[in-house]
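Okay, so here's the structure we're looking at.
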């Protein structure tokens, strides 16, 4: 495949969603507005739509819309009042980008809170087409896996919601962290492999569930722990009840959460995202130093911690080559591809004084198609950079992901079709160095203070980085699960 065929206007991996749920036992704060504030902190996880659902009296009320949180809720949640609710920000990986696919999803009869269910989902249920066939004559209002799961839960047999959930989980294949309103209670569930994150915290006398610990702390809450893979959290008048619905020997948390998706202030399983990114930079410096370089710079925002650590490790000054514009995030230019590309370029300004006449080590977190980096390097040269040595704080992306990241085909991945030298030539870098898979595993391990050494089976998925097959991934874990099931028949 010619590399120029990969030159699309946007060049970053996209994560599916962010979710939040709050139970307010005291009634001392405006819960819907807290949901909106929490979603604002999770905005980086999804920017196409936003919405909340709250239990209000005898029914569940929802308010959803297209756009970012502050566009959908410019004045907060308004007159909505409730003691329990959930929220959702979305970037589509299944279903098109339209308001019908905006969450949370509400199913059931209006005015009958016991017969209603609202669900917000982070991840991707990869067998949703099969599941839709189980719904019979049910009419779907969207094209998302989230609505299908909501209908399955509403229709499932069982005396309690836990029973219904227990009957539905074996049907689901893929990644899911759910927050759910049902029967006046708040529920949180993480898939048995733990691919997508879900954190638990306290908020005053109440409880909060969120995709990231940073959202909990931003609201003034206290992060307690991660929801365990396969664990169902039930929160209601009787307090918090934990039920371990499924046990798996092996877990597969997405390693890209540390590299790119999560906010730097968050933590997962005792690992600071910022600390992991710093360790990625240190490992990268050991593997790919740049002799003769003058300065190190990072591409804002997620690559900056790695770049600062890289600079310290090789003994070079860190400087800002790119300044991110605070006003460029909303994509409003649509007429043609040239204008769309100009819009992307407007997201950053280059500090000529910091790069002119210098050999620059540029650190970024990943390369997807390569088109954005090609323009970035050309811009650095236009502003006087003598050399540009690109360093990537993750291994080459070679495989698609079907579990909640918008990489549906290897046709979107430049590293699936070209080696490092060819990629460097295409994007115009004087040299290019990717972090090794072993270096990534080391970084995740060392950032938690564990013993050094690659730990591929320490509960993380590395499937998108594998050159052949998926030996350390969620995909291989599913295959192991399938083989065990067949062997028991």
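Every read-out reported here was derived from the displayed coordinates using simple, explicitly stated rules and does not represent laboratory data. Note that the coordinates shown come from a computational prediction; the quantities given were computed from them, not determined experimentally. Cβ: placed from backbone, ideal geometry, glycine included. Neighbour counts: every protein chain shown.
How many nm separate the modelled label positions at residue 139 and residue 115, each set 7 Å beyond the Cα in the direction of the Cβ?
Label-label distance for residue 139 and residue 115, simple model: 1.7 nm.
Apply 1/(1 + (r/R0)^6) to the Cβ-Cβ distance of residue 323 and residue 425, taking R0 = 41 Å, and write down the FRET efficiency to the nearest 0.05.
Between residue 323 and residue 425 the formula returns 0.90.
How far, in nm, would the chain grow between residue 29 and residue 410 when pulled straight, counting 0.36 nm per residue and subtracting the alpha carbon separation?
132.4 nm
Sorting check: for 364-370, 62-68, 173-179, 423-429, which peptide has the highest mean count of neighbouring beta carbons within 10 Å, and how do the rest follow?
For the peptides 364-370, 62-68, 173-179, 423-429, the packing ranking is 173-179, 364-370, 423-429, 62-68.
Using Cβ counts within 10 Å as a stand-in for footprinting exposure, how do 461, 254 rank, fewest first?
Placing the least packed residue first, the sequence is 461, 254.
Rank the residues 26, 128 as a footprinting-exposure proxy: fewest other Cβ atoms within 10 Å of their Cβ go first.
Placing the least packed residue first, the sequence is 26, 128.
Among 119, 432, what is the fewest-to-most ranking by other Cβ atoms within 10 Å?
Ranked by crowding around the Cβ, least crowded first: 432, 119.
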